[in-house]
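J.: Could you have a look at this structure, given as C-alpha cells, before my questions?
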Amino acid sequence: MSSLALPDNPLIDRYGRRISYLRISVTDRCDFRCVYCMSEDMAFLPKKDILSFEEVEAIAGAFIARGTTKVRLTGGEPLVRRDIMDLVRSLGARIGHGLEELTITTNGSQLARHAEGLAVAGVRRINVSLDTLDPERFREITRRGRLEDVLTGIEAAQSAGLEIKINMVAMRGINDEEIEPMMAWAHGRHMGLTLIEGMPLGEVGLDRVDTYLPLRELHERLSRRYSFTKLDKRTGGPARYVHVAETGGTLGFITPMSHNFCESCNRVRLTATGQLFLCLGQDDQLSLRDAYRAGGLPALNAALDQAMLIKPKGHDFILDRTRPEPAVTRHMSVTGG
Ligand code: SAM
Ligand code: SF4
C-alpha cells in the first residue's frame, strides 16, 4: 500500500475521530526515576509479560494497514530495551509503505550510541525530555541521571541529522525559573522547546498540587517579554505552537490540565504488555496481545474494531487538594508518554 492509498477499513471511533497515531511503550523500565513520573521504588512488569518484537510488529502492522501513519516509540525509556534497534529497523522499513513517520521519545541517556542507527533506520525527528540544564537539579529531578550523558546524546543526534524537540515538564518551585534560559539554549541550537503541564498519573512522591504550574500563567509571563506568533503547525499531537520572534524558534505548550484537546484526539497507546489504552486519562482498554495470541491477525482486527467502539470521548483530569490521590493510578511510564 502506498502512503497515499486509503485503507478499506480505516480505524474511526464512534465520535468520528480517525485513529492515525499509535504510541508504543516498548518497556515500562527506565534508567531514571523522574519525580513526576515514577516513585523511587517502582515495581516493574515481569519480562515474560512483555510483548515480543514479533508481536509488536504484527500489531503495528495491523494499525498501519488500517490507516495509522505515525508511530512513536516510548516507554519507560525505549532505548534501554535490549535490541531495541532491531525493532526500530523493522518498523523503519515500513516508512513509505503506509507509515509516514516513525519517531521516538527518549530521555537521551542512551542517545549517543543510538543516534546514528535511528537516522539510518529512517527516523527524522525525535523528542528528548529535559527539564533542567543544571547538573545538580537534573540529578534531583531524575533521581539518578547524568545531565552530561543527555547533552552528549543530543549532540550526537544533531550530528546524525535528527531534528530534535525538547520536552520540559514545567514545575512550580522546581524549574520554573529556567524556562527562559532553556528556550534560549534550545532555540540557539535549532531545537524546538515544548512545555508540558504535570499530569496526575500514578503515585510518585511529588506534591503535584504545589508544583502544578498552569501553562496559561507561563504563556502570559513569557508573552510579556517575547513576541509570539501563533503557528498552525500540528504534529499529530495535542501541542499548540508559537514562533518566538526574539529567538527565531518554536515554543510548544501541552496543556492537558487546563485545555481540553480530546475532540481532535487521533491517538491510542499500546503498553509493553499489549494492553491498548484508548485514552491517557481513562481506563478503557483491551488486550491486543491476548487477541493476537488467541486468533492471529483476524482476532487482532476484531479487537481493533471493538477498540473503536470503546474509545472514550475525553479525559476528566482534575487536581483537587481534597483528593490527593492521582486521577489515574497507572504511571505515565506504563501507558507510554
Ligand atoms: N523516558 C522517555 C522520556 O522521558 O522522554 C519516554 C517516556 S516519558 C513517560 C514521556 C514523556 O512523559 C516525558 O517527556 C516526560 O517528561 C513526560 N511525563 C512523564 N510523567 C508525566 C506526568 N505525570 N505529567 C506530565 N508529563 C509526564
Ligand atoms: Fe523515565 Fe521518561 Fe519517566 Fe523520566 S519521564 S522516569 S525518563 S520514563
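Each row is one residue, and each column tells you yes or no for (1) within 16 Å of ligand 2 (Cβ to nearest atom); (2) open to solvent by 20 Å² or more (accessible area, probe 1.4 Å); (3) over 20 Å from the mean Cα position of the chain (by Cα).
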residue	(1), (2), (3)
Leu162	no, no, no
Ala170	yes, no, no
Asp176	no, yes, yes
Arg189	no, yes, yes
Glu203	yes, yes, no
Tyr212	no, yes, no
Arg216	no, yes, yes
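J.: Pairs only if they're at least six apart or on different chains, beta carbon under 9 angstrom, first in the stretch 178-192 and modelled with pLDDT of 95 or more, second open to solvent by less than 10 Å² (accessible area, probe 1.4 Å) and part of a helix (DSSP H, G or I); list them, first residue then second.
T.: Matching pairs, first to second residue: Ile179/Leu218; Ile179/Leu222; Glu180/Leu222; Met183/Leu222; Arg189/Ile154; Met191/Ile154; Gly192/Ala186.
J.: So, in the stretch 20-63, of the ones that are open to solvent by 10 Å² or more (accessible area, probe 1.4 Å) and of a type in the set (A, V, I, L, M), which residue ends up farthest from ligand 2 (Cβ to nearest atom)?
T.: Ranking the candidates gives Ala58 first.
J.: Has the stretch 41-58 got any residue that is in contact (Cβ under 8 Å) with a residue 40 or more places away in the chain, within 15 Å of ligand 1 (Cβ to nearest atom) and not hydrophobic (A, V, I, L, M, F, W, C)?
T.: Scanning the stretch 41-58 turns up no residue that is in contact (Cβ under 8 Å) with a residue 40 or more places away in the chain, within 15 Å of ligand 1 (Cβ to nearest atom) and not hydrophobic (A, V, I, L, M, F, W, C).
J.: Within the stretch 128-142, identify whether any single residue is open to solvent by 30 Å² or more (accessible area, probe 1.4 Å), more than 15 Å from ligand 2 (Cβ to nearest atom), touching a residue at least 24 places away in the same chain (Cβ under 8 Å) and farther than 27 Å from Leu270 by Cβ, and answer yes or no.
T.: Yes, that holds for at least one residue.
J.: Checking the conditions here, which among Arg66, Arg17 is open to solvent by less than 50 Å² (accessible area, probe 1.4 Å), farther than 27 Å from Phe138 by Cβ, touching a residue at least 24 places away in the same chain (Cβ under 8 Å) and in contact with a Leu (Cβ under 6 Å, 6 or more places away or on another chain)?
T.: Matching residue, one of Arg66, Arg17: Arg66.
The values are calculated or read from the model by the stated rules, or taken from the named source; none is laboratory data. All values derive from a computational prediction rather than experimental measurement. Virtual Cβ from ideal backbone geometry, glycine too; neighbours counted across all protein chains shown. These area figures cover heavy atoms from the full protein model, side chains too; ligands, DNA and RNA do not enter into them. Shrake-Rupley method; radii C 1.70, N 1.55, O 1.52, S 1.80 Å.
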